[in-house]
Amino acid sequence: MEYELLAPVGDFRSLRSAIEAGADAVYFGLKEFNMRDAARNFSLRGLRKIRKICGKVKMYLTLNVVVYDSELKKLERIVKKAKDYVDAIVCWDMAVIELCRRYNVPFHVSTQASVSNVAAAKFYKKLGARRIVLARELNLKQIKKISKVVGVECFCHGAMCVAVSGRCFMSQYTYGSSANRGKCAQLCRRSWKIFDDDGKELRLENSRVMSAKDLCALPFVDKMKKAGVVAFKIEGRNRSPEYVSVVTSVYRKALDRKLSRSEILEGVGNLKRVYNRGFSAGFFFGTPTADDFSWSENGEQSERKEFIGKVYKYWPRIGVCSVRMNTGRVKVGDEVYLISDLVGCIRAVVKSIEFEGNRVGGAKKGEEVGIAFGDEVTGDILQVTGLKGCEVYLIKKK
């Protein structure tokens, strides 16, 4: 059985990171009509470039927001243009589904449709859906029943919405910014106080009463496989290139073979390095409890990155970069991220530093230094693009 790993991409850096980390497919939005409006997203004109970068990696375009009459002509233009480049469109509005049918574009039904039973799955399959991204409130037993009807896709990692499949109106009510149009202000992530009608404050053990922990299915990926899940989806089109790189690489290993207990623990440790709000099993084993809500204000990741400079020359034959230090400090033995639109995200160790022809132990703001990185800075992509233009970020323990 072949399983598909879908990675989220919000810009070209994330796109490169996903591909280099082993994604089978990427899903992305355009600057309109997608549920992650705050992500940088892509333009319609950029589809050709994305297709070229992806090669054999599949491209799924998300057109999964509420659509109004005034937008139908623009939407039709997008579907007609996307037909030549994407492998499928992820949608749920019947207007989008009808356009996909009209122009013979494969489509997957979005989780926004909240498909949670066999009858609904059969309905969308009859319409021509190749796959259904199931409602997030289903357990493994329910998923298994639906998987016998149609190919199913489930989220395996990333942010969980307190409104489950995004049907929240808090942002719209408070700011006129609709979550169902990809403009969620994430009020649920804040710390809250609760008062009764008499003005008495309710004592809360955790004031983040609506901020759900992130989903992490790594410990039970094999159970998802047995339940009939064929596509494993990572949430995070608003998140960083290093998040996409780390999470994709961890789940790549889990889909390729059965992991040992120690490998699962190591994988969870790696997942904790990048942004997260703590981890939960979601609804896969039953209804979440109070333990599935986050205590975190700024994330619980064990590492953070700090911009220090930029590569302006690269000599691939000797593996040395010329780095202009814009701020901060770096020393031999430090770990860094090298990030750009061309290479995505590379984690590397500083092996040596030269300043004005001499070996030194470190470099600081204002200096131009030669830095040699470890064996991590290898691969076909660097033979084509090199590291010139990469931003350099120092990795710090939080």
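The values are calculated or read from the model by the stated rules, or taken from the named source; none is laboratory data. Small disclaimer: the values here were computed from a predicted structure and weren't measured. Cβ atoms come from the backbone with ideal geometry, glycine included; neighbour counts cover every protein chain shown.
Scan segment 344-352 and give yes if some residue there is in contact (Cβ under 8 Å) with a residue 60 or more places away in the chain, under 25 Å from ARG273 (Cα atoms) and in contact with a Cys (Cβ under 7 Å, 6 or more places away or on another chain), otherwise no.
Scanning segment 344-352 turns up no residue that is in contact (Cβ under 8 Å) with a residue 60 or more places away in the chain, under 25 Å from ARG273 (Cα atoms) and in contact with a Cys (Cβ under 7 Å, 6 or more places away or on another chain).
Whether any residue in segment 315-328 is modelled with pLDDT of 95 or more and surrounded by 20 or more Cβ atoms within 10 Å (Cβ to Cβ) is what I want to check.
yes
Rundown of residues vs (1) assigned by TED's automatic domain parsing to the domain that holds LEU15; (2) buried (at least 20 other Cβ atoms within 10 Å of the Cβ), yes/no style:
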| position | (1), (2) |
| --- | --- |
| VAL244 | yes, yes |
| LYS253 | yes, no |
| ASP256 | yes, no |
| GLU263 | yes, no |
| GLY267 | yes, yes |
| VAL274 | yes, yes |
| PHE279 | yes, yes |
| PHE283 | yes, yes |
| GLY309 | no, yes |
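Inspect segment 314-326 for any residue being within 20 Å of ARG13 (Cβ to Cβ), over 25 Å from the mean Cα position of the chain (by Cα) and assigned to a loop (DSSP other than H, G, I, E, B) and give the result as yes or no.
Yes; the residues of segment 314-326 include at least one that is within 20 Å of ARG13 (Cβ to Cβ), over 25 Å from the mean Cα position of the chain (by Cα) and assigned to a loop (DSSP other than H, G, I, E, B).
Out of curiosity, is SER245 in contact with a helix residue (DSSP H, G or I) (Cβ under 8 Å, 6 or more places away or on another chain), among the hydroxyl-bearing types (Ser, Thr, Tyr) and within 17 Å of ASP24 (Cβ to Cβ)?
Criteria met by SER245.
With (1) at pLDDT 95 or above; (2) closer than 27 Å to SER147 by Cα; (3) among the polar types (S, T, N, Q) as the list, and SER17 as the residue in question, which single condition is left unmet?
Among (1) at pLDDT 95 or above; (2) closer than 27 Å to SER147 by Cα; (3) among the polar types (S, T, N, Q), SER17 violates only (2).
Name the single residue that is farthest from GLY22 (Cα to Cα) among those in segment 53-106 being hydroxyl-bearing (Ser, Thr, Tyr) and surrounded by fewer than 21 Cβ atoms within 10 Å (Cβ to Cβ).
It comes out as SER70.
Does GLY366 satisfy being touching a residue at least 12 places away in the same chain (Cβ under 8 Å) and under 12 Å from LEU394 (Cβ atoms)?
Values: touching a residue at least 12 places away in the same chain (Cβ under 8 Å): yes; under 12 Å from LEU394 (Cβ atoms): no.
So GLY366 does not fit the description; no.
Yes or no: segment 324-334 includes at least one residue that is among the aliphatic types (A, V, I, L, M) and touching a residue at least 40 places away in the same chain (Cβ under 8 Å). Outline the logic, then answer.
At the first step, the residues of segment 324-334 found to be among the aliphatic types (A, V, I, L, M) are 325, 330, 332.
The next check asks that each one be touching a residue at least 40 places away in the same chain (Cβ under 8 Å); those that pass are 325, 330.
Yes, that holds for at least one residue.
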